[in-house]
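Here the structure comes first, spelled out in structure tokens, and everything after it is commentary.
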Amino acid sequence: MTSSTASVTLPDSAVARFPLGALLLLSLGVFVTVTAESLPAGLMPEMAADLGVDPLRIGLLVSVWAIVVIATSIPLTRATRRIDRRVVVAVSLAVFAVANIATAFAPSYEVAFATRVVAALAHGVFWAIVIVYATSLLSGAQLGRGLALVTGGGTAATVLGLPTATALAQLTSWRVSFAVMGIGMLVLAAVVFRRLPRSVVVPLPAGQRAPLRHDRSIPPLLAYGFAGLLIGLAQFLAFVYIRPYLAESAGIADGWASALLFVYGAAGILGVVVAGPLADRFPRTALTASLLVFVAAYGALAVLHHVTPVVIVALALWGAGTGAMFPLIQTALMRAASDRLRDLASASIVVLFNVGIAGGSWAGGQLTATYGPTANMAVSAVVVLVAAALTALGASLASRRAG
């Protein structure tokens, strides 16, 4: 692959066969890293008791993760961009694995905190490069399906990975969950290094490269990037406070909350399944349409929160939109980005989404405390509507510059 400044249309003939095995390995990598990222949230009581700290300090292990990813993803991605992407993926998984095993043996909270910082460093690099690597294995006609399969590992982690790891910790120890995840990652890192093909960026000589400011993919990438920030903001502004919403706004008993969240997660898997074909068949409109599903769901939850059937349907739509959105926005980015900006675009969307997560989590608390959790849904609807407009703009700019 060479570096260029033109917006890239991936050739349909680039890959003769859909690389299912390679994509499943990458999806498994996404599954284990997202599961490990969320483990402290699922194991908060057990970790707090064993390490002798307040549960809120365990919550900081999740917060520091996002901060580290925001601060380091882009610099580390730029530092590794000349290295074989297969090696970067394998090494980041291996570092991630060692950090999780170290967490399992941490004698104190301070050591556990340090190991989580190391894991977050590896996670930021892995997430920034895995989409670009998967893209290099796919032809243009396969891009939507391929990236849906890879990112679907994240949805599976939420629905299956975290509950399974939590159950294992309750049966044994939280340390066992971290150790099992770490050992599994080490094995996966070795398989990735041995089985997956090389992918190296060969830059053009400096004299043949146009100035970066002339790269025609920058405007659509900016539109998609700001949309990603707003999506993360809206998603976590609403989802972090879903339990108060269900109890206070919808009047749903705590015993049913878990069942409704399972509906949300199951719908997310369905969203992943349909996202790939939609992205390949409707490359310009699929992402914007999925965000309008978000708007409808948030709007219904804000206005008709007292009607239980509407709440259930809206949660299912929200879950399906969540599952579809990740592969759709990654596909849009990879189609719009030039070769020289593809790595940076992938790293930037991770950073911007995490900025949205941090801002949404904080703003949601302020809204809930002042106006109640129903307000979170209303604000999220407006924010995602703006994001949908930005993705429509991004698709238009990408199409105009590719033409």
query = Looking only at helices (runs of 4 or more DSSP H) that fall completely inside the stretch 298-403, which ones have 1 or more residues that are open to solvent by less than 30 Å² (accessible area, probe 1.4 Å) and charged (D, E, K, R)?
reply = 339-371
request  = Would you confirm whether any residue within the stretch 280-294 is in contact with a Lys or Arg (Cβ under 8 Å, 6 or more places away or on another chain), crowded, with 18+ Cβ neighbours inside 10 Å and over 16 Å from L367 (Cα atoms)?
outcome  = yes
request  = Determine whether F96 is aromatic (F, W, Y), open to solvent by 40 Å² or more (accessible area, probe 1.4 Å) and either modelled with pLDDT of 80 or more or closer than 20 Å to S361 by Cβ (or both).
outcome  = no
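Results for (1) in contact with a Phe, Trp or Tyr (Cβ under 6 Å, 6 or more places away or on another chain); (2) farther than 24 Å from P277 by Cα; (3) surrounded by fewer than 22 Cβ atoms within 10 Å (Cβ to Cβ); (4) in contact (Cβ under 8 Å) with a residue 24 or more places away in the chain, shown as yes or no for each residue.
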{"residue": "E110", "(1), (2), (3), (4)": "no, yes, yes, no"}
{"residue": "V118", "(1), (2), (3), (4)": "no, yes, yes, no"}
{"residue": "A148", "(1), (2), (3), (4)": "no, no, no, yes"}
{"residue": "G184", "(1), (2), (3), (4)": "no, yes, yes, yes"}
task = Please go through the stretch 276-297 and pick out each residue that is in a helix (DSSP H, G or I) and over 21 Å from F236 (Cα atoms).
result = G276, P277, L278, A279, D280, R281, A286
remark   = Over the stretch 150-182, the set of residues within 25 Å of V91 (Cα to Cα), at pLDDT below 85, open to solvent by 30 Å² or more (accessible area, probe 1.4 Å) and not hydroxyl-bearing (S, T, Y) is L162
query = Failed condition for I252, given (1) at pLDDT 80 or above; (2) within 18 Å of G321 (Cβ to Cβ), with all others met?
reply = (2)
query = Checking A259 against (1) modelled with pLDDT under 85; (2) in contact with a helix residue (DSSP H, G or I) (Cβ under 7 Å, 6 or more places away or on another chain); (3) not basic (K, R), which test does it fail?
reply = (2)
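The values are calculated or read from the model by the stated rules, or taken from the named source; none is laboratory data. Fair warning: this is a prediction, and the values are worked out from it, not measured in the lab. All Cβ positions, even for glycine, are placed from backbone atoms using ideal geometry, and neighbour counts span all protein chains on display. Heavy atoms of the whole protein, side chains included, go into the accessibility calculation; ligands, DNA and RNA do not. Shrake-Rupley method; radii C 1.70, N 1.55, O 1.52, S 1.80 Å.
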